[in-house]
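The values are calculated or read from the model by the stated rules, or taken from the named source; none is laboratory data. Quick caveat, the model's predicted, so the values are computed rather than measured. Here the Cβ positions follow ideal geometry from the backbone for every residue, glycine too, while neighbour counts run over all protein chains shown.
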């Protein structure tokens, strides 16, 4: 097991992973298991052994042994790993005897000022930085003398601005003339969703993560009584995150998850959350199990 530290960013509190205790437990376990630098790992294969090169942010695991360590049924562990994969937090390559897990965008979690040692072995995704990866961890090697290390995660995208004209230092874009239209989304009823309502609706849509019938959902968003930016950010979007985290249990219990339109119309963000008690979960599933 690699020595070192794991830093948790405060953005974890508002992430989709944080809404589910079991999912959070598996995610933290993955982060602690991942190697911080490339290394060879030996694996038993039949009567012999083979060596596997692990890149930074990767680790090897077996479903049964991992489930035993985490004290949960193997099927539950498998479902939670698949959930993290579908959320694009990690990727899994399966073999007949073991699986290799890769933390997506592992290098972006590190905050290293000097990346000479990680440029060759860094695990990258074909799509580059993803919008929803719950960037909440920095894993820093516990070097000798414990030299001070600052691990930062940018709050905003660090992608360079697009070049305008023939020069990278082109003059700033002139402000648009009065009367020009601002970005908007056209709902099913041909209404324009724009401004802070459009911004918060997009946040809700991505958090709810059941992307079906967006146009009707946008109409339901506009029809929310007393909708304010504070209500959307402090209650509706966190409620959508809780429902998204419970969706797998809803499906496993043979219920149909609600679409965003019906969830908003029914004001489901006001529902009480269920705890660890099974009867609380059953009641939650009954309330949410109808489309």
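Of the residues making up segment 26-61, those that are loosely packed, with under 14 Cβ neighbours inside 10 Å and either part of a loop (DSSP other than H, G, I, E, B) or at pLDDT 90 or above (or both) number 2.
When you check residue 79 against the structure, is it within 13 Å of the chain's Cα centre (by Cα) and not assigned by TED's automatic domain parsing to the domain that holds residue 248, yes or no?
Working: within 13 Å of the chain's Cα centre (by Cα): no; not assigned by TED's automatic domain parsing to the domain that holds residue 248: yes.
Criteria not met by residue 79.
Within segment 81-100, the set of residues being assigned to a strand (DSSP E or B) and either surrounded by fewer than 20 Cβ atoms within 10 Å (Cβ to Cβ) or free of Cβ contacts under 8 Å to residues at least 12 places away in the same chain (or both) comprises 91, 92, 93, 94, 99, 100. Within segment 192-210, restricting attention to residues that are within 16 Å of the chain's Cα centre (by Cα) and free of Cβ contacts under 8 Å to residues at least 40 places away in the same chain, the residue that is nearest to residue 234 (Cα to Cα) is 203. Here residue 224 clears all of (1) surrounded by 20 or more Cβ atoms within 10 Å (Cβ to Cβ); (2) farther than 30 Å from residue 76 by Cα except the condition numbered (1).
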